[in-house]
Amino acid sequence: MNQPSRRVALVTGSTSGIGAAIARRLAGDGVTVALHSRVSVAAGTALAEELGRATYTQADLSEATNARRLIDEVRDKHGRLDILVNNAAMTQVIPHGELKRATADVWRRLYEVNVVTPWLLIAEAESMLRESAQGGPPGCVVNISSHAGVRPKGASIPYAVSKAALNHMTKLLAIALAPAIRVNAVAPGLVDTPMTATWTDTHELWRTRAPMRRAAKPEEIADVVAMLIASDYVTGEIIVADGGLNLT
Ligand SMILES: NC(=O)c1ccc[n+]([C@@H]2O[C@H](COP(=O)([O-])OP(=O)(O)OC[C@H]3O[C@@H](n4cnc5c(N)ncnc54)[C@H](OP(=O)(O)O)[C@@H]3O)[C@@H](O)[C@H]2O)c1
């Protein structure tokens, strides 16, 4: 690969859980990381210091205008973007049979942050990702989806449907943006993060039924993201990383 030490990656939602693990992994691989989160400014600033050349930008991605501002800030601070990891997302736990609890407002909020925002970020980042491809390997987008977007499972039906939409968007964009930009997704099962800390039954399910007998560590999802970034060829794939639960 050309000039790996100068590559820049934006990782959305990178102050916590999977996003923070991806940021640390990419920084360890010699990538300059643009960190981002919704409200956790202190955590973002501290992680930027820890990672060296990294920067941090605060932006609530439930506001569509903030997607453009975020990409503009990355351009201003780094002058380039080679890798975009759409990791930030929202969830809401609603039992699947309780239809009236999944209100129109819940559907719209989850769809906005989990589907529309990744789309806007990719659209705003497209020109920088194409420029990146001119001097080296293809630009790279990795969307963090969920096993819930692949199987009829998950925290709630609106969440699962939003991730299924993200998976389909991944494949459509892989075709539309090739060969200059590769677009892939990682679909984790249960991961040990603040989002899932209280999901006792789900942890029990993974301990008893998943072939790997446990939830993933955030670093193990970051390994899969790094694998997709390292390839110059793979595109349009949804990599399920659920410890094999989907096989049972
Ligand atoms: N944990 C799992 O078991 C699991 C399983 C499958 C898929 N996933 C997916 O993995 C990704 C990361 O999950 P996680 O468990 O690591 O989450 P997490 O620990 O709760 O971290 C979420 C990150 O996203 C940011 N964020 C949330 N809402 C945002 C918004 N509206 N605008 C901007 N930033 C926002 C948060 O910023 P603030 O802290 O400032 O709010 C935080 O940095 C998500 O896409 C999730 O759907 C997770």
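Structure notes:
- Where a residue in segment 219-248 is touching a residue at least 24 places away in the same chain (Cβ under 8 Å) and its partner, wherever it lies, is hydroxyl-bearing (Ser, Thr, Tyr), with Cβ under 8 Å and at least six apart: 236/170; 238/145; 238/170
- Which listed residue, of 172, 177, 190, is within 12 Å of the ligand (Cβ to nearest atom), more than 13 Å from residue 228 (Cα to Cα) and either among the β-branched types (Val, Ile, Thr) or modelled with pLDDT of 95 or more (or both): 190
- So residue 59, is it without any contact (Cβ under 8 Å) to a residue 24 or more places away in the chain and either more than 10 Å from the ligand (Cβ to nearest atom) or within 26 Å of residue 187 (Cβ to Cβ) (or both): yes
- Flag for residue 42 being within 13 Å of the ligand (Cβ to nearest atom) and crowded, with 24+ Cβ neighbours inside 10 Å: no
- Pair list, Cβ < 6 Å and 6+ apart or interchain, from segment 186-205 residues that are in contact (Cβ under 8 Å) with a residue 24 or more places away in the chain and farther than 16 Å from residue 149 by Cα to residues that are open to solvent by 60 Å² or more (accessible area, probe 1.4 Å) and within 6 Å of the ligand (Cβ to nearest atom): none
- Residue in segment 2-13 that is away from the ligand (no atom under 13 Å from the Cβ), assigned to a helix (DSSP H, G or I), touching a strand residue (DSSP E or B) at 6+ places or on another chain (Cβ under 9 Å) and closer than 20 Å to residue 122 by Cβ present: no
- Of all residues in segment 80-92 being away from the ligand (no atom under 11 Å from the Cβ) and open to solvent by less than 10 Å² (accessible area, probe 1.4 Å), the one that is nearest to the chain's Cα centre (by Cα): 84
- Checking each residue in segment 141-158 for being of a type in the set (A, V, I, L, M) and within 9 Å of the ligand (Cβ to nearest atom) picks out 144, 148, 155.
- Of residues in segment 93-127 being within 11 Å of the ligand (Cβ to nearest atom) and either among the polar types (S, T, N, Q) or touching an Asp or Glu at 6+ places or on another chain (Cβ under 7 Å) (or both), the one nearest to residue 153 (Cα to Cα): 114
The values are calculated or read from the model by the stated rules, or taken from the named source; none is laboratory data. This is a predicted model, so every value here is computed, not measured. Cβ atoms come from the backbone with ideal geometry, glycine included; neighbour counts cover every protein chain shown. Surface areas here come from the heavy atoms of the whole protein model, side chains and all, with no ligands, DNA or RNA. Shrake-Rupley method; radii C 1.70, N 1.55, O 1.52, S 1.80 Å.
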